[in-house]
Structures are given as structure tokens and as C-alpha cells.
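The values are calculated or read from the model by the stated rules, or taken from the named source; none is laboratory data. What you see is a predicted model, and the numbers here were worked out from it, not measured in a lab. Here the Cβ positions follow ideal geometry from the backbone for every residue, glycine too, while neighbour counts run over all protein chains shown. Please note that ligands, DNA and RNA were not included when accessible areas were found on the heavy atoms of the full protein model with its side chains. Shrake-Rupley method; radii C 1.70, N 1.55, O 1.52, S 1.80 Å.
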Amino acid sequence: MSGKNSFEPRIIGFLCRWCSYQGADLAGTSRRHYPPNMVPVRVMCSGRVDPTFVLKAIADGADGVLICGCHPGDCHYQSGNFNAMRRYPLLMKALEQFGIEKERVRLEWISASESEKFALVVKEMTETVRRLGPLEWNRRLFQEGQRKT
Amino acid sequence: MITLTINDRRLQVQEGTTVLQAAKGAGIQIPTLCYHEALAPYGACRMCLVEVVAGGRLGLSASCAYPAQEGLVVRTDSSRVLKARRMVAELLLARCPNVPEIQTLAQEMGIERPRFHIEDEKCTLCGLCVRTCEEIAGVSAINFIQRGTEREVTTPFAVPSEACITCGACAMVCPTGAIVIEGAEEIKHRELRLGPAKAIHVPFLQAVPKAPLIDAGQCIHFRTGKCGVCERFCLSNAIDYEMEDEEVEIEVGAIILATGFEPFDCSRVAQYGYGRLPNVISGLEFERMCNAGGPTGGKVVLEDGRSPESVAIFHCVGSRDENYNEYCSRVCCMYSLKFAHLVREKTGSKVYELYIDMRAFGKGYEEFYKRLLMEDVIFIRGKGAEVTDVAETPEEQGKLIVKCEDTLLGIVRRIPVDMVILSAGLEPRQDAAEVARLFGINRSKDGFFLERHPKLAPVETASDGVFVAGACQGPKDIPDSVAQGAAAAAGALALIDLGKVEIEPITALIDEAICSGCKICIGLCPYTAIEFVCRDTTGIAQVKEALCKGCGICVAACPAGAATQRGYTTQQIYGEMEGALLAEARG
């Protein structure tokens, strides 16, 4: 991570197993191009995404977090994505208080057939985070700890 | 039973039978004009006169209204009867000399020219229409007015009647065609724009079950409470007006979705003039036209009844077109080729096929295409651009002009034709989104139901036990639909035959030691898989594993961290993230 121009953001993506992960899979089999900056973490449902997962990812050094689920009403578990939908604004409020730009954490609905949208979202997300620059929360936490001691 | 004698034949009939019915039952012909099986006897026309010789009121009587009596002796062919009938026919012919039915009747009686003052009426005053309107339609919108020579059938004050329901029954029953219903085309509902259909009809020939249905909007019985003719005359008592749609709940172990497709609505492509220009028809309409049991009896005809001299068939209407659907509907090329063959076979007319690419991909399909090339079908590589009736040259007069680009010749062409057949593509059904939601399955980008895996699980869906088959999953032809249907049936049977259900291994678990019994998870679980059980001093939540589908919503919501998910524990997900970020940092 030498200069800002060569900054490659690190993004953790929580993808629900039924829609978004399938969409990502389809993006692969359809040979769609999207940046390799997002590392997918498969969960059974976007409702499984505990807000602490996002905080943990940031604490571990992620520059952005993407949460993807089925479209509202299409959840394989009937209402799981509604939980994600309700948790997201609360999480954003917490992040705001930490001083983290809200663009770094994004919630998207991607169905199993929307490989094009998946590729687009990852591309956009990568570009947005690249523009925002490194978050380096882990380094800042480390420095904070050192300053205090 | 009653015994009577007609023309020296002893007949036994049920009580309440009329002489006319008795004679008809024995095969003795009596001419009638105002008699109709569905109506009460009227005795207006006197065509059915017979002579009662003994056992009743002696003399000439109308047989339609004369009840059969014990010991009655009747003659239908005596000179007195024939003379009287001839007089009736002669009088009728004098009144209606130009009505074919009366002409035939008179001819049969040997009358050339009536001796009476000749008029030019169509109506014979038989009263069938008046009685039908009263007895069958139950609205009495028409009746006789005036008397004697002034007598005629009309609506009150001869103005359009508000009581009339334009059922058309009077026109249908009229033996001479004296009643014409204006705008009849509009009141009858038409079969696929091709021809009229009746209030009772079989929806289509391949319907399952293949039973006629009553269109309640058209049926007189449902509109006025009268009629009921079909019920009276149905030999197997199959008519039930009380029958209603009912919802039936069935418990099943597997579901196969085979909801099919909807044909593309050709009128959306305005430049093709479907619904606006005559003789521009959709593929389905042409198919119906070719059917021997269809509205044209299997003849390929134009709207004016002529046989077409040239026909253009447009491929890819609503398919492979970014304005409508991007996908290929798969079946249109082959059915268009079949149409070309049928048109050539039935009419011998010129056939133009306007195609983008010829997709003859199935078994024997390419061979069929080659055969058509030999059958003098003209293939033009280029999508039809427009159909118009604005002629520019004399030979285009009165024709439909097809504008297209012939990409092989590199020219723009104007082709005058008599008929244009639009090979409409296949679309997902309008309610596909609701159905998909109901069964918890996905739809692909084109709107058709999504299979679990395009190659490895082509009939299964994201929901266990729900299978898809046929065109609801994507456009496909009959062989493919049958194959997929068989596969789905086998998949469903395999589930049923097993007698057991495999359950999700990735279930939630609640640590009894940590759970504080806050019940947050219980309200969130979409499957009511979490129950509250009492322990010594407090209560705790417990997962019923057979019901748990493993979504992990409860795990994310548990404030105490008591809930975990097998295979997706918080530690495992943390580990995954740490690994990913560490590897990234190193890389």
C-alpha cells in the first residue's frame, strides 16, 4: 500500500446463500468481469449477518463491507432479509458515530439471476471505497492503544 | 300409457304427449313452421294440421297442440289434410314469396304461383321469436302489435327496447331470417378474433377435462333466470347451474409447477398492425384456423372468405428484440416453418418467411427446414419492419404491404401479400412473480422460474420439494417440456417413495447454559422452530431441529450469544474474515 493511486480496497461481502451467492456464482459462470477486491463470505441468509460481523471486519482491516440478500419479499426464509433491512440503519448510525463514511457499508438486494447487477455493485463499491481511501481501522486501533499506554 | 292410431298404425305413447310428438316418434313426418321443441305449442301456422277421424274432436286440428288421447284415430295424409295444408302454404307464399324456406315448403306441396295478392314480407308471423323472448329469455322485449293484415312483430312503439338483452335468441330461432341484430359481431364473443363462439363451448379441443362450460356472462339463464333449455335437453343431466368455483385444500409432499407461458401480445408491436389491419393474425390464430374443428373448419381464409394468394410469416415477434424480450423463444422458427408448409398445402399460395436466423436445432428439424426450401417457400433473411395498407403501386392496391430488409440481397423490399402471420414469442405468465413468491422460488432475468442449477438440478428449485416443468421455466417445445415433466415427476416420486424427508444439517443451536429466556429469537423465527421450555427457576428457548431451516436469524439476534448455527458459527465466520483480510494484507 505505497501510494494512494495504487490503493486496492479490501472489501468483505456477506452474500446470502440463495440469491446473492447464486448471483455471484452466475456472474462467474457467465464470465462477467468485476474487481477482485471483494472477498465473499457465504451466510445462509442476510438475516444471519450480525452487525458485529461488520464491525469485526472493519476492526480486522477491511475498507468496506457489502451485505447482499434476496429482494424484499423473495427471501428463501420468508422474512430474513427484512431483519437485515431493519438492522442496517441502526448499524449506519453506529458507524457514523465512529466517524466511518456511510458509503463504506452497503446493503444491496441481488437475486440469483442478477449476475450483471452483482458485478456492477462490486465494481461501484470498489470504486467508491478506492476514492474514500484506506480505512485502516486496525492500524488506528493499534496506534490508539499505544498512545494510551 | 295411451294407445292411439295414426295413419292406421297403433302407437303407445306417454301421457301428456301431443299428436305431433307421437307421430314424430313413430317416424311419421308432419311439416311444421311455428313449432319448436323448447317452446310451448302455439298452433299459429296451421302447417301441422291433421284430421281426427275418431275418438276425439272430429275434424282438422293442429297436431302440435292436440294432446294424445286413448283411442284417438288420426290421419296425417288424408285429402282434406293435404288440401288445407296446401292452402296454408299458398297463403304463406303469397305473403313471403322471397323467403327460401317458404318457397321450399310450397314447392313440396306443388304450388307454383299463389292465387292471392302477392306481398313481400319476410316475417311469417309464426311467433317463435315472441315466444322465445318471453319463455326462454324471459324479457318479453318483443311482441305482436295490431291485428289482421296490420299484425307485425316489434318492440313497444317500435323503438329500441331497454328490456332487450341482445341475447340474439329471437334471431337464432327465426326460420326465415326476418330478424337481424345490428352490431351482432360485437355482442357475440369471438373465438380468437376468428369467429363467434356460443355461450356453451369447449374452451379448446385439447382441454382437460374436455368438457363444455357455460359462459355465465353470455348465458341467458344467468342473465334473466329463464331459458334452461340446455338443462332440459341434456340427455345425461350434466347441466348444473349451481356449480361454483371452489377452493380445495390438498396436503401434498411435493409440488410440480407447470404453469406454462403466455403468448406475446402482438398488438404491442404497433408497426405490424395486429388488431388494426385486417388479415394480420397471430400464430395461435392461424393454428386455430388450420384446425378442422376450429371456426373456419380448417380452411385458411382471409376475413372476406377468399383464399390468400400470398402469405408472409414474421419470425421473432416479441423475441430477440431489445424492445420486448431479449431471449429467443425457441419454438417460433419451427412452428413458422410448419405454418409455411400448411399454407402451401392448404392454399398453394406464395409464402414468404422473414427470419433473423433460422434456428432449426432439434431432432429432425434441420431436415424439415431443408424440405421447405424444396417446397418453394421464399426465405428472406431480415426481420419484418412494418406492415402497411398504404399502396404505392397498382399491384399493391388492396393488399398488405410488408416492408423489410433482405440482408442477403442487401436491399429494402416491399412485398404485397394477402395475409401476415406473426409468430409470437413466449412470455412468462402475468402472475409468475406472485407464484414464485408463493412457492419461495426465484425467477431468472427473463421472468421465468429459476431452476436450482442450470445443469445439475434442472427441475428442482430453491425450495425443497418444489419442481418446475415446461415453459414456466423457460421457452421450450413439446418434446423438451415432456422430458422435463417426466423428470420432475420422477423427482417428486423419489421424494414420496423415500418416505422420509432429509432435513437441513445447518440448524441453529441454543446453549442452555447461556440462554436467559428473553424470547427475542422466538418471535423472529419464520418457522416457529423455537419453543420456550421451563427449567427450574427460569425458562429457556430450545430449537426444534426438524423444523429449523437454518437461516440463522435467531443467531444474529441473540443478545446473549447463546444461539449458534452449525457450520456458520460466529467463530467460523470471524475466522473466515480474518483469513481473508490477512491473506489480502500479505498479498
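Might you let me know whether segment B:401-423 holds any residue that is closer than 22 Å to B:Pro458 by Cβ and either of a type in the set (A, V, I, L, M, F, W, C) or free of Cβ contacts under 8 Å to residues at least 12 places away in the same chain (or both)?
no
Restricting to segment A:54-78, count the residues that are farther than 19 Å from A:Asn138 by Cβ and without any contact (Cβ under 8 Å) to a residue 24 or more places away in the chain.
2
Are any residues in segment A:21-36 open to solvent by less than 50 Å² (accessible area, probe 1.4 Å) and either facing chain B (nearest Cβ under 10 Å) or basic (Lys, Arg) (or both), and if so, which ones?
A:Gly23
Taking B:Gly491, is it open to solvent by less than 50 Å² (accessible area, probe 1.4 Å), over 20 Å from A:Met44 (Cα atoms) and more than 48 Å from the chain's Cα centre (by Cα)?
When the stated conditions are applied, B:Gly491 does not pass them.
Which ones in segment B:34-49 are more than 24 Å from B:Cys234 (Cα to Cα) and outside any strand (DSSP E or B)?
Those that are more than 24 Å from B:Cys234 (Cα to Cα) and outside any strand (DSSP E or B): B:Gly43, B:Ala44, B:Cys45, B:Arg46, B:Met47, B:Cys48.
Determine, yes or no, whether B:Ala541 is open to solvent by less than 80 Å² (accessible area, probe 1.4 Å), touching a residue at least 12 places away in the same chain (Cβ under 8 Å), in a helix (DSSP H, G or I) and more than 13 Å from chain A (Cβ to nearest Cβ).
The answer is no for B:Ala541.
Taking the conditions exactly as written (surrounded by 22 or more Cβ atoms within 10 Å (Cβ to Cβ) and touching a Pro at 6+ places or on another chain (Cβ under 8 Å)), does A:Gly47 satisfy them or not?
No: the conditions fail for A:Gly47.
Against the conditions (1) open to solvent by less than 70 Å² (accessible area, probe 1.4 Å); (2) in a loop (DSSP other than H, G, I, E, B); (3) in contact with a strand residue (DSSP E or B) (Cβ under 9 Å, 6 or more places away or on another chain), where does B:Val52 fall short? Just the number, please.
Evaluating B:Val52 over (1) open to solvent by less than 70 Å² (accessible area, probe 1.4 Å); (2) in a loop (DSSP other than H, G, I, E, B); (3) in contact with a strand residue (DSSP E or B) (Cβ under 9 Å, 6 or more places away or on another chain) leaves (2) as the failure.
Going by the conditions given, is B:Gly384 open to solvent by less than 30 Å² (accessible area, probe 1.4 Å) and farther than 25 Å from B:Arg276 by Cα?
So B:Gly384 fails the test.
Mind checking which residues of segment B:424-453 are part of a strand (DSSP E or B), within 14 Å of chain A (Cβ to nearest Cβ) and either of a type outside the set (D, E, K, R) or touching a residue at least 60 places away in the same chain (Cβ under 8 Å) (or both)?
If the condition is that a residue be part of a strand (DSSP E or B), within 14 Å of chain A (Cβ to nearest Cβ) and either of a type outside the set (D, E, K, R) or touching a residue at least 60 places away in the same chain (Cβ under 8 Å) (or both), then B:Pro428, B:Phe449, B:His453 are the ones that fit.
Only one residue in B:Phe448, B:Phe368 is open to solvent by 40 Å² or more (accessible area, probe 1.4 Å), within 22 Å of B:Cys333 (Cβ to Cβ) and in contact with a helix residue (DSSP H, G or I) (Cβ under 8 Å, 6 or more places away or on another chain). Which one?
B:Phe368 is the lone residue from the list that is open to solvent by 40 Å² or more (accessible area, probe 1.4 Å), within 22 Å of B:Cys333 (Cβ to Cβ) and in contact with a helix residue (DSSP H, G or I) (Cβ under 8 Å, 6 or more places away or on another chain).
Each row is one residue, and each column tells you yes or no for (1) within 12 Å of another protein chain (Cβ to nearest Cβ); (2) open to solvent by 10 Å² or more (accessible area, probe 1.4 Å); (3) farther than 25 Å from B:Asp464 by Cβ; (4) within 13 Å of the chain's Cα centre (by Cα).
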site	(1), (2), (3), (4)
A:Met38	yes, yes, yes, yes
A:Lys56	yes, yes, yes, yes
A:Asp63	yes, no, yes, yes
A:Gly80	yes, no, no, no
A:Met92	no, yes, yes, yes
A:Glu103	no, yes, yes, yes
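Among the numbered criteria (1) touching a residue at least 24 places away in the same chain (Cβ under 8 Å); (2) at the interface with chain A (Cβ under 9 Å from one of its Cβ atoms); (3) not polar (S, T, N, Q), which one does B:Cys525 miss?
Condition not satisfied by B:Cys525: (2).
Out of all the residues in segment B:1-33, which are more than 16 Å from B:Cys64 (Cβ to Cβ), open to solvent by less than 40 Å² (accessible area, probe 1.4 Å) and assigned to a loop (DSSP other than H, G, I, E, B)?
Matches in segment B:1-33: B:Asn7 only.
Given A:Gly99, A:Gly73, which one is touching a Lys or Arg at 6+ places or on another chain (Cβ under 9 Å), surrounded by fewer than 18 Cβ atoms within 10 Å (Cβ to Cβ) and among the small types (Gly, Ala, Ser)?
The conditions single out A:Gly73.
Scan segment B:455-465 for residues that are touching a residue at least 40 places away in the same chain (Cβ under 8 Å) and open to solvent by 10 Å² or more (accessible area, probe 1.4 Å) and report the count.
Total meeting the criteria: 1.
Taking segment B:372-397 on its own, how many of its residues are assigned to a loop (DSSP other than H, G, I, E, B), under 18 Å from B:Leu409 (Cβ atoms) and β-branched (Val, Ile, Thr)?
Residues in segment B:372-397 being assigned to a loop (DSSP other than H, G, I, E, B), under 18 Å from B:Leu409 (Cβ atoms) and β-branched (Val, Ile, Thr): 1 in total.
Would it be correct to say that B:Ser336 is part of a helix (DSSP H, G or I) and among the hydroxyl-bearing types (Ser, Thr, Tyr)?
When the stated conditions are applied, B:Ser336 passes them.
What number of residues in segment A:40-54 are out of contact with any strand residue (DSSP E or B) (no Cβ under 9 Å at 6 or more places or on another chain) and facing another protein chain (nearest Cβ under 7 Å)?
Result for segment A:40-54: 1.
Just to be sure before I move on: is B:Glu231 assigned to a loop (DSSP other than H, G, I, E, B), of a type in the set (D, E, K, R) and open to solvent by 40 Å² or more (accessible area, probe 1.4 Å) in the structure I sent?
No, not satisfied.
Among the residues of segment B:254-300, write down those that are assigned to a helix (DSSP H, G or I) and under 17 Å from the mean Cα position of the chain (by Cα).
B:Gly283, B:Leu284, B:Glu285, B:Phe286, B:Glu287, B:Arg288, B:Met289, B:Cys290
Please work out if B:Lys549 is open to solvent by 30 Å² or more (accessible area, probe 1.4 Å) and more than 8 Å from every other protein chain (Cβ to nearest Cβ).
Criteria not met by B:Lys549.
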